[in-house]
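Colleague: Handing you a structure now.
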Amino acid sequence: MSDVTRSLVACLPGDGVGPEVVAQAVQVLQAVAPRFGLELTFETALVGASAYRADGHPFPQETQDLCDRADAILFGSVGDSSLDSLPRNLRPEQSLSILRKRYELFCNLRPTVIFPELRALSPLREDRLLPQVDMVIVRELAGGIYYGQPRGIEGEGEERRGFNTEVYRAGEVRRIAHQAFQLAQMRRRKLTSIDKANALESGELWRQVVNEVAREYPTVELDHLYVDNAAMQLIRRPSSFDVILANNIFGDILSDEASMLAGSIGLGASASLGTGRLALYEAIHGTAPDIAGQDKANPLATILSAAMMLRLSFNQPAAADLIEQAVAKTVAAGYRTPDLVQPGESTVGTRAMGTAVLTQCDALLAARG
């Protein structure tokens, strides 16, 4: 068929529960993508602890070569506490930093939507979640304190000190601000920018540049919150937020807080976008070594990340919508992995949850004709 688009997805399952949840996302993509004229090829490579044990590096050359050829990356999870004594550049978690730097992935999108059937799982009272929690955190991913220089540990004894440097350039703030404003234009036209401008010069610059960019988006309502107040307001009035813009470390922390509004980090999807065509998609949860290999992990976050891939990397919003609808219908039908179970409910495993979503996808595809 001449109208078929062929694309390569690099699958980097990684460690812990990563291989289990990625496998479920792949089978959903394999079922849905062809029905929308998209032929996906999946190639797998090692990353993280599994790569270090096999090749002596968390992001070996073979994995790099695959990613260089790919049109998108589907990522599992990385980490292994038994390797924490390695030099920092060889630790499994460094593979993500390498990916972000190599492919200039500066924009991380983390949506939080609460399924009505799961409101009881939220640590907040139901009235705090109404009328509807539906937000996206836009996290700057390539700058700030995680990458700033100088950094290190030096000295001896009680004078030993650890130090990191928070650095942002105006251009870095400007490009992520444009991403956030453009997203807000497509949603409810409200943007909240997070900083610590009252205490940090980097925060003061952040606010200045965001205000400059705001002039180009007059239809978007902008407000600013200090990060400590933002953490409080996410609990006090979460439904008031639409798009939240934050720097690297604040976005990292606040997005995990926001994910718990939905009751489980196992529902948190994400996309990391850059200056080029390549983007990375992953659940925001970790390796969960306590349940790895036991068919207990929740694959929904990775499946929802795969939907984001269809929308953002392959321009297939209808296919993405279908997968998201299938996930919602699966939850509404009562399927629960252990992290989602409430008293009186039965649980299903990783594979059964993936199969349930696949069944809903098939039903929705059949309805389309």
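The values are calculated or read from the model by the stated rules, or taken from the named source; none is laboratory data. This is a predicted model, so every value here is computed, not measured. Neighbour counts run over all protein chains shown; Cβ positions are idealised from the backbone, glycine included. Just the protein is used for accessible areas: all its heavy atoms, side chains included, with ligands, DNA and RNA removed. Shrake-Rupley method; radii C 1.70, N 1.55, O 1.52, S 1.80 Å.
Colleague: At 7 Å along Cα-to-Cβ for each site, give me the label-to-label distance between ASP134 and GLU39 in nm.
Modeller: A separation of 3.7 nm, rounded to one decimal place.
Colleague: Still on this structure, please answer the following. I'd like the distance separating the alpha-carbon centroids of segment 291-315 and segment 138-186, in whole Å.
Modeller: Spelled out, the Cα-based centre of one part sits 27 Å from the other.
Colleague: So what is the 222 nm mean residue ellipticity for the chain from helices alone, if each DSSP H run of at least 4 adds -39500 (n - 2.57) and you divide by all residues, rounding to the nearest 500 deg cm²/dmol?
Modeller: Helix contribution divided over all residues of the chain: -12500 deg cm²/dmol.
Colleague: Just the Cα atoms of segment 229-289, one point each, no solvent: what log10 I(q)/I(0) does Debye give at q = 0.15, 0.28 Å⁻¹?
Modeller: -0.54, -1.33
Colleague: Would you please state the base-10 log of I(q)/I(0) at q = 0.18 1/Å for segment 1-142, with intensities from the Debye formula using one equal scatterer on every alpha carbon?
Modeller: -1.10
Colleague: With the alpha-carbon atoms as the only input, what is the per residue convex hull volume for segment 67-146 in Å³? Please list the in-between numbers first.
Modeller: Details: hull volume 14.1 nm³, N = 80.
Taking only Cα atoms, segment 67-146 has a hull volume of 177 Å³ per residue.
Colleague: Give me the 1.4 Å probe accessible area per residue for segment 150-237, excluding ligands and nucleic acids, in Å². Numbers along the way, then the final one.
Modeller: On the way: 5220 Å² over 88 residues.
Per-residue accessible area for segment 150-237 comes out at 59 Å².
Colleague: For segment 264-369, what does the accessible surface come to per residue with a 1.4 Å probe? Please give it in Å².
Modeller: 38 Å²
Colleague: Another question, then. Just tell me which aspartates and glutamates come within less than 13 Å, Cα to Cα, of LYS329; anything on the same chain fewer than 8 places away is out.
Modeller: GLU117, ASP321, ASP362
Colleague: Run the simple label-point estimate for SER239 and ARG53 please: 7 Å along Cα→C-beta, distance reported in nm.
Modeller: 4.7 nm
Colleague: Rounded to the nearest Å, what's the spacing between the alpha carbon centres of segment 218-280 and segment 75-101? Just the number, please.
Modeller: Centre-to-centre (Cα) distance: 24 Å.
Colleague: Among 86-93, 178-185, 241-248, how do they line up from the highest to the lowest mean number of other beta-carbon atoms within 10 Å? Working shown, then result.
Modeller: On the way: 86-93: 15.4, 178-185: 19.1, 241-248: 25.4.
Result, highest mean first: 241-248, 178-185, 86-93.
Colleague: Something else now. In the P(r) worked out for segment 198-262, what percent of Cα pairs fall beyond 14 Å?
Modeller: On the way: 1290 of 2080 pairs.
The proportion of pairs with Cα distances above 14 Å equals 62 percent.
Colleague: Which of the listed residues, LEU29, GLY143, THR5, is farthest toward the dipole's positive end in the chain, when Lys, Arg count +1 and Asp, Glu count -1 at the beta-carbon?
Modeller: Looking along the dipole axis, the top candidate is THR5.
Colleague: With N set to the residue count of segment 155-250, report its C-alpha Rg divided by 2.2 N^0.38 Å to two decimal places.
Modeller: 1.25
Colleague: Further, regarding this structure: Ignoring ligands, DNA and RNA, what percent of the 1.4 Å accessible area of segment 52-136 is carbon and sulfur?
Modeller: Numbers: 1890 of 4060 Å².
Result for segment 52-136: 47 percent of the exposed heavy-atom area is carbon or sulfur.
Colleague: Let me ask something else about it. Express the C-alpha Rg of segment 121-209 as a ratio against the empirical globular expectation 2.2 N^0.38 Å, rounded to two decimals.
Modeller: Details: Rg = 18.1 Å, N = 89, 2.2 N^0.38 = 12.1 Å.
With N residues counted in segment 121-209, Rg over 2.2 N^0.38 Å equals 1.50.
Colleague: Which residues does the label zone of ARG175 cover in segment 122-143, counting backbone N under 13 Å from a point 7 Å along Cα→Cβ?
Modeller: Taking a point 7 Å out along Cα→Cβ of ARG175, the residues of segment 122-143 whose backbone N falls under 13 Å are 140-143.
Colleague: When N counts the residues of segment 1-53, how does its alpha-carbon radius of gyration compare numerically with 2.2 N^0.38 Å, as a ratio?
Modeller: Output field value: 1.34.
Colleague: Another question, if that's okay. What Kirkwood hydrodynamic radius, in Å, does the chain give when the mean of 1/r is taken over all pairs of distinct Cα atoms and then inverted? Could the numbers behind the result be given before it?
Modeller: Values: mean 1/r = 0.0468 Å⁻¹.
Hydrodynamic radius (Kirkwood, Cα only) of the chain equals 21.4 Å.
Colleague: Counting only Cα, what are the radius of gyration and maximum Cα-Cα distance Dmax of segment 59-208, in Å?
Modeller: In order Rg, Dmax, the Cα atoms of segment 59-208 give 19.5, 55 Å.
Colleague: Just tell me which lysines come within less than 28 Å, Cα to Cα, of LYS196; anything on the same chain fewer than 8 places away is out.
Modeller: The reachable lysines, counting only those whose Cα sits under 28 Å from LYS196, are LYS101.
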